[in-house]
Amino acid sequence: MQMKECKMPNNTGSVTVLGLESSCDETAAAIVRLHDNGQVEILSDCIFSQVEQHEPFGGVVPEIAARAHADIMDKLVLRALNKANLGLSDLDGVAATSGPGLIGGVLVGMMTAKALAIGADMPFLGINHLEGHALSPRLASPLDFPYLLLLVSGGHTQLLAIEALGKYHRYGSTIDDAVGEAFDKTAKIMGLGFPGGPAVEKIARTGDASRFDLPRPLQKRKGCDFSFAGLKSAVQRHWQNVCDPCEQAKADLAASFQRAASETLSRQTAKALVRFATEFTKTNLVVAGGVAANQTIRDDLQNLAKDHGFGFIAPPLRFCTDNGAMIALAGAEHLAIGRSSPLDLAARPRWPLDESAALNNPASGSGKKGPKS
Ligand code: KG4
Ligand code: ZN
């Protein structure tokens, strides 16, 4: 990450950082105080979801997202300050997601953060959105490094060894679609609405997961990469062949899909747990990202961790999906060791957390523009 050394912000034994998130369809602003002893206080956590604006289109429309972020970001910042009962001068720094994500939205958060940093003469921190997710479990309870992270969201599906702050080693990544994308597409195919994940999970509760035979891709290949494009297409094919597309058929297909997705995640994660145990020691399996809200996936991962002698940590649901507190915490962790970002830091729509793994073994989104994540 492009960071520079900066003066330690104060000598009060804590750093207080405002964090802004706007890389997809949630606008968020939160203030987090990180104490010397590692204790984390969330002083405010404000979020505005754009779901209603994107719902008619069945997916996130980048132009609508960027405009909506620009409309609301300054009001959310004020709300976060008011809720925390703080003024700008009480902050030690301001952090914003600087990628990867939809560029229009990312720019809104970064420009707001940079303007606040200049106006209030405080450090600016450009944070990798994936690092925010990677550190998010620490918002809820203390968690020592290292741990194995399974990041499952609408844009990413990755296994990462989180060794220390700024030291992230990618074990595997999706070579095509993210698992959240597959949930969203499955919902769209059956007309279940947007966002798809919660809708698929809800209807799957009354479904028969053994009715449809769906693939579990890449299981036999070495390594921990994922693939969900084939699963998505199989759902489409089965749905086209269903003679009676009634509510029960939808429930059965949703349940079969959810089972296939969860088993695919678990089997590749099992390989990563074995590798992690040889490189470090058996510590914790942590799941983060929006798809971590799914109870079937949580239950399967919890059993898997237990079988391999690892602890299992899933952050509370509000920290699983995109939020400002995870960006504020990542900013505070860097600031606490005297690091901040230059004010000319550019937004990066593609920004792998483990740059060398992404270059040596590019998974999804490679090509002329470079690896996505
Ligand atoms: O982390 P997130 O809020 O945004 C990013 O993509 O960064 O994740 C959103 C994704 C969407 O694909 C959504 O359908 C999925 O998380 N999701 C779920 C559930 N809740 C949200 N997927 C499965 N089951 C859920 N309960
Ligand atoms: Zn996210």
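Which percent, to the nearest 5, of DSSP beta bridges fully inside the stretch 79-217 are antiparallel? Mind showing how you got there, number by number?
Numbers: 12 of 17 bridges.
If I count the DSSP bridges inside the stretch 79-217, around 70 percent turn out antiparallel.
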- Residues whose modelled amide H sits under 5 Å from the amide H of ASP225, counting only those 5 or more places away in sequence or on another chain, are SER173
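How large, in Å, is the stretch 147-314 by the Kirkwood hydrodynamic radius built from its alpha-carbon pairs?
Values: mean 1/r = 0.0623 Å⁻¹.
The Cα-based Kirkwood calculation yields 16.1 Å.
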- Message: Out of all Cα-Cα pairs in the chain, roughly what percent, to the nearest whole number, are more than 25 Å apart?
- Response: 53 percent
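In deg cm²/dmol, rounded to 500, what helix-only [θ] at 222 nm does the chain give when every DSSP H run of at least 4 residues adds -39500 (n - 2.57) and the total is split over its residues?
-13000 deg cm²/dmol
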- Which is farthest toward the positive dipole end of the chain among PRO142, ALA30, LEU165, measuring Cα position about the Cα centre, with Cβ charges +1 (Lys, Arg) and -1 (Asp, Glu)? LEU165
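Using 1/(1 + (r/R0)^6) with R0 = 22 angstrom and r between the beta carbons of LEU78 and ASP36, what's the FRET efficiency to the nearest 0.05? Present the calculation step by step, with values, prior to reporting the outcome.
Values: r = 29 Å, r/R0 = 1.32.
About 0.15, to the nearest 0.05.
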- Query: To the nearest 10 degrees, how steep is helix 62-84 against the longest Cα principal axis of the chain, on a 0 to 90 scale?
  - Reply: 50 degrees
- Any idea how far the Cα center of the stretch 157-206 sits from the one of the stretch 252-281, in Å? 12 Å
- Between the helical axis of 179-189 and the dominant principal axis of the chain, each derived from Cα atoms, what acute angle in degrees is found, rounded to the nearest 10? 50 degrees
- Based on Cβ point charges of +1 for Lys and Arg and -1 for Asp and Glu, what charge dipole magnitude is obtained for the chain about its Cα centre, in debye rounded to the nearest 20? 860 debye
- Note on the structure: Log entry: pair-distance distribution for the stretch 185-254, C-alpha pairs binned every 5 Å from zero, whole % per bin is 3, 17, 24, 26, 16, 8, 5, 1
- Note on the structure: Of the listed links LYS4/LYS114; LYS167/LYS306; LYS202/LYS232; LYS185/LYS250; LYS167/LYS282; LYS167/LYS271, those spanning more than 24 angstrom between alpha carbons are LYS167/LYS306
- Query: Put +1 on the Cβ of each Lys and Arg and -1 on the Cβ of each Asp and Glu in the chain; which of ALA234, LEU301, LEU285 then has its Cα farthest toward the positive end of the dipole?
  - Reply: ALA234
- Note on the structure: Checking rank on 46-58, 323-335, with mean other Cβ inside 10 Å and highest first, the result is 323-335, 46-58
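In the chain, carbon and sulfur make up what percent of the accessible area (probe 1.4 Å)?
Values: 7840 of 15470 Å².
For the chain, the apolar C and S fraction of the accessible surface comes to 51 percent.
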- Message: Give the average over all directions of the projected area of the C-alpha convex hull of the stretch 294-363, one decimal, in nm².
- Response: 7.8 nm²
- Query: For the stretch 220-357, what is the largest minus smallest coordinate of the Cα atoms on each principal axis, given in angstrom and ordered from greatest to least?
  - Reply: 63, 38, 30
- Taking only the C-alpha atoms, wrap a convex hull around the stretch 129-216 and report its volume per residue in Å³ as a whole number. 139 Å³
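Taking the DSSP beta bridges in the chain as the whole, what percent of them are antiparallel, to the nearest 5? Each step should come with its number before you reach the end.
Numbers: 32 of 49 bridges.
So the antiparallel bridges amount to about 65 percent of the total.
Rounded to the nearest 0.05, what FRET efficiency is calculated for GLU52 and ARG350 with R0 set to 22 Å and r the Cβ-Cβ distance? If you can, show how the numbers build up before the last one.
On the way: r = 29 Å, r/R0 = 1.30.
For R0 = 22 Å, the calculated efficiency reads 0.15.
Using packing as a proxy for protection, rank 35-45, 89-99, 198-208 so that the peptide with the highest average count of other Cβ atoms within 10 Å comes first.
Numbers: 35-45: 15.4, 89-99: 25.1, 198-208: 18.7.
For the peptides 35-45, 89-99, 198-208, the packing ranking is 89-99, 198-208, 35-45.
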- Taking the stretch 1-146, how much of its Cα-Cα pair set, in percent, is spaced more than 19 angstrom apart? 53 percent
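How big is the charge dipole of the stretch 147-314 about its Cα centre, in debye rounded to the nearest 20, if each Lys and Arg gets +1 on its Cβ and each Asp and Glu gets -1 on its Cβ?
Working: 21 positive and 17 negative charges, 78 e Å.
The calculation lands at about 380 debye.
The values are calculated or read from the model by the stated rules, or taken from the named source; none is laboratory data. Everything quoted here is computed from the prediction, not taken from an experiment. Don't worry about glycine lacking a Cβ; one is built from the backbone with ideal geometry, like all the others, and counts go over all protein chains shown. Keep in mind that these areas ignore ligands, DNA and RNA; they rest on the heavy atoms of the full protein, side chains included. Shrake-Rupley method; radii C 1.70, N 1.55, O 1.52, S 1.80 Å.
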